[in-house]
Amino acid sequence: MTTPASACPKCGHSFVSVPLITPLPKDRIHRLLRTNDYLSDEDESMLQSFISNAPSKLSHLEARIVLVKALLDELETAKEDIRMAFSKRKKLLNPMRRMPEDLLVEIFLHGVGYYTDPEEYFLAAKHSLDLGSPPWTYGRVCHRWKEIAIQTPLLWTRVKVEMKNITSFWRHKVNIMSTSNVPRLPFGLSLLSLYLGRSAALPLSIYVDVPANCFSSSDDLAYGISVLMASYSRRWESLFLGKGQGFNMMFAEDSFPMLRTLRVQDDSDDTPTVIDIPALRLKSWSTPDHRLLNLHGLMSGSFEDRSTASSFAEIGRFNPVNLPGLRELVLDHRPTKTSAELKAPKTFLDSLTCLALVLLSVVTYGSQKSTIQGFEKRSAFKLERLDITGQTEIFDGGTQNNAYLKSLVIRSIGETANYGSFVSVQNVLSSLEPHAASLGSSSMAPFPAFRRLELHFSPYSVETWDTIEALFLCVSSRLSCANTAEYDKLSPIEVLITAPDGQARKMLDHPRLGELRLLGMKINIVAL
């Protein structure tokens with residue numbers, strides 16, 4: 001059979017071709033094949049016609065199959081070409097290519113934790129020589145990202161240096177160094193130099209975990225680290241010393257003109273380390289209890305913002321210091337060794353005079369009432385925020401000038417302290433009532449500027465006092481003595497209470513809670 005003129009030249013299909021009809025149904029064919037029955041004249045005629053036409057039809061179909069296979073190959077090739085072209089050209093329209101550089105920089109800054117508090121960042125971040133972490137990884141995405149990363153100094157201002165990781169880099173690259181007779185800088189040290197160099201002239205936040213006994217010329221690698229880090233000291237803004245270690249180095253008085261924050265982490269080493277850093281513009285500092293700071297050297301300048309001091313077991317070095325610009329002071333003292341440690345906060349506070357103090361946070365389980373009174377009398381500060389953990393007596397008569405107090409936070413309520421009395425919410429609220437005023441006027445409510453109260457119960461609290469009832473009585477008592485001249489607003493107007501689940505549920509179901517809210521008080525109760 002020849003292909004009709006109207007057939008498609010590509011596949012051989014024709015709309016005018018007549019399909020070959022297969023005679024007799026399949027079941028009859030099967031039945032006849034199993035027997036020796038003869039066919040009728042009509043059936044035999046149809047079979048003869050089919051047998052004569054079938055070969056030409058088969059030839060025609062085989063020819064069409066050849067055409068269709070060739071067409072299919074052509075279509076598959078065209079499809080693959082278009083698919084590849086589509087995929088590659090679609091990438092050219094990726095929105096990332098059109099992303100403005102300033103937006104990309106912001107994404108990078110979030111990726112490196114630039115907007116995270118340095119202390120929180122260093123706790124979770126890997127060391128700065130980890131090539132699998134930002135900002136190093138940005139340079140391996142594409143040329144544009146690499147250029148942006150290199151030309152953005154802010155990405156390189158958080159520097160975490162750990163001696164063990166630099167040593168590891170040096171060992172892994174020793175085979176490269178040995179291929180030449182020319183001395184080379186250890187690989188980790190060269191990376192550190194590159195990292196610091198990319199920060200341009202911006203202030204640096206530094207985390208150093210290099211044992212003090214490594215800072216000697218006998219250890220070439222450690223000595224190289226010390227020299228390299230010290231060469232950038234004029235740009236240090238924050239310094240975090242890992243594992244409570246110090247610097248076994250001498251620094252000139254102008255070595256740290258930008259240093260504002262100093263944090264010394266704790267460790268299990270009982271040997272005190274003296275940290276003598278002449279940072280005259282230091283604003284915030286903290287150190288664990290068995291570390292010593294040359295306080296006079298640290299604070300000979302003018303503090304403007306915040307100072308955080310942990311407990312000190314040995315305070316013999318502390319000379320009287322006047323900090324006229326200090327606004328916030330946090331004293332965290334948790335004695336766990338001997339009762340002699342209870343004297344540490346007194347020695348520390350007796351050395352300070354802070355005229356501008358507005359926030360005082362005290363974590364202590366020893367009686368410090370007289371110490372706080374002496375500190376306040378000497379400094380004559382106008383305290384606005386008081387945060388106490390462990391001893392309510394600091395609040396109950398510990399401070400005298402409470403006319404400016406706006407916020408009071410009491411923590412560890414209901415917990416029996418190892419040193420001192422039981423911390424009770426009853427003592428706190430009774431001190432806020434008018435009868436507790438020590439201001440010389442029975443008609444004046446104490447703490448006239450008081451606005452916010454936070455009561456944080458211990459998770460193991462055994463407090464049985466009806467807190468909501470006591471709070472209601474306290475607020476009602478304060479309102480009853482209010483007058484236009486001295487006190488004309490609800491006080492406090494905000495209350496936050498955190499307590500164990502059982503206690504919190506009882507407070508939330510208390511009938512007085514609705515009455516307090518009707519008075520206009522914003523009160524939140526959170527279950528632990």
Lone unmet requirement of (1) more than 19 Å from residue 492 (Cα to Cα); (2) at pLDDT 60 or above; (3) of a type in the set (Ser, Thr, Tyr) for residue 421: (2)
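Here are some residues: 115, 121. Which one is in the same structural domain as residue 143 (by TED's automatic domain parsing) and exposed (fewer than 10 other Cβ atoms within 10 Å of the Cβ)?
Residue meeting the stated conditions: 115.
Residues are listed down the side, and each one gets a yes or a no for (1) under 30 Å from residue 13 (Cα atoms); (2) among the polar types (S, T, N, Q); (3) assigned by TED's automatic domain parsing to the domain that holds residue 207; (4) in contact with a Gly (Cβ under 6 Å, 6 or more places away or on another chain):
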| site | (1), (2), (3), (4) |
| --- | --- |
| 45 | yes, yes, no, no |
| 67 | yes, no, no, yes |
| 74 | yes, no, no, no |
| 86 | no, no, no, no |
| 111 | no, no, yes, no |
| 137 | no, yes, yes, no |
Look through 129, 71, 75 and report the one residue that is more than 30 Å from residue 260 (Cβ to Cβ), out of contact with any His (no Cβ under 8 Å at 6 or more places or on another chain) and in contact (Cβ under 8 Å) with a residue 60 or more places away in the chain. 71
Out of all the residues in the stretch 112-150, which are under 22 Å from residue 189 (Cα atoms) and hydroxyl-bearing (Ser, Thr, Tyr)? 128, 133, 137, 138
For the stretch 164-184, check the following and say yes or no: at least one residue is at pLDDT 70 or above, of a type in the set (A, V, I, L, M) and farther than 30 Å from residue 102 by Cβ. no
Residues of the stretch 504-525 that turn out to be free of Cβ contacts under 8 Å to residues at least 40 places away in the same chain, among the basic types (Lys, Arg) and part of a helix (DSSP H, G or I), as a count: 3
At pLDDT 75 or above, under 26 Å from residue 364 (Cα atoms), out of contact with any Asp or Glu (no Cβ under 9 Å at 6 or more places or on another chain) and surrounded by fewer than 18 Cβ atoms within 10 Å (Cβ to Cβ) - does that describe any residue in the stretch 510-527? yes
Going through 24, 58, 32 one at a time, which residue ends up being surrounded by fewer than 13 Cβ atoms within 10 Å (Cβ to Cβ) and either in a helix (DSSP H, G or I) or of a type outside the set (S, T, N, Q) (or both)? 58
What number goes with the only condition from (1) in a helix (DSSP H, G or I); (2) touching a residue at least 40 places away in the same chain (Cβ under 8 Å); (3) among the aromatic types (Phe, Trp, Tyr) that residue 114 does not pass? (1)
Is there a residue in the stretch 451-463 that is modelled with pLDDT under 75, touching a helix residue (DSSP H, G or I) at 6+ places or on another chain (Cβ under 8 Å) and over 28 Å from residue 348 (Cβ atoms)? yes
Identify the single condition in (1) surrounded by 20 or more Cβ atoms within 10 Å (Cβ to Cβ); (2) at pLDDT below 85; (3) not in a loop (DSSP other than H, G, I, E, B) that residue 426 does not satisfy, given that it satisfies every other one. (1)
Restricting to the stretch 46-73, count the residues that are of a type in the set (Lys, Arg) and over 12 Å from residue 21 (Cα atoms). 2
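The values are calculated or read from the model by the stated rules, or taken from the named source; none is laboratory data. Everything numeric here is computed off the predicted structure, so don't read it as measured data. Please note: Cβ atoms are built from the backbone with ideal geometry, for glycine as well, and neighbour counts cover all protein chains shown.
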